Amino acid sequence: MNKDVWKSVEKYSFLSVSNEPYLTVFTKHDSLILNFSGDILKEKNVFLSTKINFYLKGLNIHNFSDLSTLKNKTIQLDGVNCYGAFVTDYYSTNYPGCSGTAGIGQIYFRNVAIDDLNQSVTLSGTFGFTLPNSYCGSVEVSYGRFDYIFTNNSNLDITSVP
């Protein structure tokens, strides 16, 4: 992230795991939201807690087994219908505290493995995008990689409600 290392981490609260990363599919609006929480690291210290999110439309995912259609799929992030987002919680000189939600680039789903009981899916792939923002400064996310397991009733939600 702007040439700093960003590492995805599960965030814990006082009572439980916050189920990061999180995948939500809204069948009614044909959209998918993929959320990753993480930290920017500087000299082996946590520099800033952030989130990288992807908002994807038009994938025709209506049930759990439809997730398999993502395998070997490259989705262009156009900044309008499909886009990446970078979110910080507070102001930092290197990463101003704002939500930028028009990231242009791509996300590639290299592999999608669904278990035999249709209870979990492993998504693996790569991503990169640039978030131009004159108020907050430009953020470049490059060489991103993910490999996560999403489980029904845990960190995966397929719903018709927006």
Descending packing, highest mean Cβ count within 10 Å first, for 106-117, 22-33 is 22-33, 106-117
Highest mean packing first, using Cβ neighbours within 10 angstrom, the peptides 51-61, 149-159 sort as 51-61, 149-159
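Every read-out reported here was derived from the displayed coordinates using simple, explicitly stated rules and does not represent laboratory data. Since the model is a prediction, treat every value here as computed from it, not as a measurement. When we count neighbours, we look across all protein chains shown, and the Cβ atoms used for this are built from the backbone with ideal geometry, even at glycine.
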